[in-house]
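Participant: Could you have a look at this structure, given as structure tokens, before my questions?
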RNA sequence: GUCCCGGUAGCUCAGUUGGAUAGAGCAGCCGACUUCUAAUCGGCAGGUCGGAGGUUCGAGUCCUCCCCGGGAUGCCA
């Protein structure tokens, strides 16, 4: 016995495996004992289903094998004596525990670890949780990512593994540059105070910036197609030109941000602080163990992207396709995924797949993850399939010196729907703020609880 | 078009690597209890496991095809 177990399934399994190798020397050493709680309580406490599949493999009659197993089994310290009468049907073997055996097993449970043995060598598990975006309120999607992810993390912690939470904060790229630019101009105009900036204010500026940079290309196409006249065209053209100006400014801001230009970078840092302050507070309200130490934003990978992409190109893993750079994954050994993974746009910009590949590299090769789990909405499952396959193809998913890649998995959860069966939003189509949702939940619970008088004590 | 995830009792869902009679909660019905507006306690009833083939001693579980619902699908994240 490798450790003191309290689990009758495990104990009986050991005995049955011993009996199997004595009864049938041809049987594989790793034969599954197939012990489970009895389906029919009147026949016993536990049952063994191993005789049937094993007999098939060995070319024996299942009942004969069951008889031989029973002849060789030794469970005198655990169970009532097992005889041929305990073989039922095609070859089920029934066990009934002794009364005092149960007491002994329960005593073993009464330890600080509650019966869970610590792993001989703990593995490192990275759990991707939360995933907030700068300048945006958290919404119901973050609820699941945070709560489910943190629960997975706690489970592995309880099992004795080394757990590293990673909050992949969306803090980089053109959308963030747009708000940064917007906030900068609003602050310079004295319309917004950087000192008492709130997330609500940021959320508003984010949407405004998005709106300002949205071009009218589609509208102009329609004008041309349906010949709507020069007046409308001129109006749209003016709007479009203005949007393109805003977009150009945002792109310039992105460049400034990447160059860590002090003025712009200070604005960005302010956005970061305000958003993460609110986010971590919400994580705390949810009783998760997600902290600032777990934040590993997209910005932290910015420097590594070019290195990664160059490496992929140099080793022929990435190739050019219609001006963009892709990793092909359609061959069976790469995963047989028809859609190639896009890692660089035609304009030279990187995509979220690029960042995610760099993140896998860091998580596996620097943090030392044996397993990386992504708690993210199910709609992104193709994205993760691609990114995992690309990282494996590049060797980024393998720890230095390891022969096998680490386990990469997407713990997908579904979209939160409202009563109408559509994604949970307000009537006007806005996301519901997670902090409001929590306020209301607490409020309602308080009301329901407060209205009722305490029940008479029963326990 | 292709791919992914679902389809199990009226509703919401469990169902171990294929194993004995497919389960639970709620709703329903019968009864008990009785100050407390979903969630007191018994009991009963409730099923072509989406459909059709196939593999197997044995299929809700594995394979093939089809139907229905949702999602994704090269330059957003």
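Participant: With contacts defined as alpha carbon pairs under 8 Å and 6 or more residues apart, what's the relative contact order of the stretch A:230-333 in percent? Write down the numbers at each step before the final one.
Facilitator: On the way: 28 pairs, mean separation 8.6, N = 104.
Relative CO of the stretch A:230-333 lands at 8 percent.
Participant: Going by alpha carbons, how many degrees (0 to 90, nearest 10) lie between the helix axis of A:230-258 and the longest principal axis of chain A?
Facilitator: 60
Participant: In whole percent, what relative contact order does the stretch A:8-109 give with Cα contacts below 8 Å and a gap of six or more residues?
Facilitator: That works out to 27 percent.
Participant: Below 8 Å, C-alpha to C-alpha, sequence gap of six or more: please give me the relative contact order for chain A in percent.
Facilitator: 13
Participant: For residue A:111 and residue A:244, what does the FRET efficiency come to when R0 = 60 Å and r is the distance between their Cβ atoms, rounded to the nearest 0.05? Present the calculation step by step, with values, prior to reporting the outcome.
Facilitator: Numbers: r = 68 Å, r/R0 = 1.14.
In this case the efficiency is close to 0.30.
Participant: Now, a different point. Sticking with the crude label model, points 7 Å out along Cα→Cβ, report the distance from residue A:439 to residue A:208 in nm, one decimal please.
Facilitator: For the pair residue A:439/residue A:208, the computed spacing is 2.1 nm.
Participant: Right, here's the next one. Go ahead and estimate [θ] at 222 nm for chain A from helices alone: -39,500 (n - 2.57) per DSSP H run with n ≥ 4, summed, over the residue count, rounded to 500.
Facilitator: Calculated at 222 nm, the ellipticity per residue is -15000 deg cm²/dmol.
Participant: So for the stretch A:8-109, considering every pair of alpha-carbon atoms, how many percent are separated by more than 16 Å?
Facilitator: 52
Participant: I would also like to ask the following. Subtract the Cα-Cα distance of residue A:58 and residue A:154 from 0.36 nm times their separation in residues, and report this length gain in nm to one decimal.
Facilitator: Net length gain for the segment: 30.2 nm.
Participant: Nearest 0.05, what FRET efficiency do residue A:310 and residue A:198 give at R0 = 30 Å with Cβ-Cβ as r?
Facilitator: 0.15
Participant: Would any residue of the stretch A:36-71 have its amide N under 15 Å from a label point 7 Å out along Cα→Cβ of residue A:88? List them or say none.
Facilitator: Flagged as within label range: A:36-50.
Participant: What FRET efficiency comes out for residue A:185 versus residue A:333 if R0 is 41 angstrom and r is the Cβ-Cβ distance? Round to the nearest 0.05.
Facilitator: After rounding, the FRET efficiency stands at 0.20.
Participant: If you build the Cα gyration tensor of chain A and take the root of 5 times each eigenvalue, what three semi-axes come out, in whole angstrom, biggest first?
Facilitator: 57, 30, 22
Rule-based calculations on the coordinates, nothing more; no lab input. What you see is a predicted model; the values in this text were computed from it and never measured. Glycine gets a Cβ as well: all are built from the backbone with ideal geometry, and neighbour counts include every protein chain shown.
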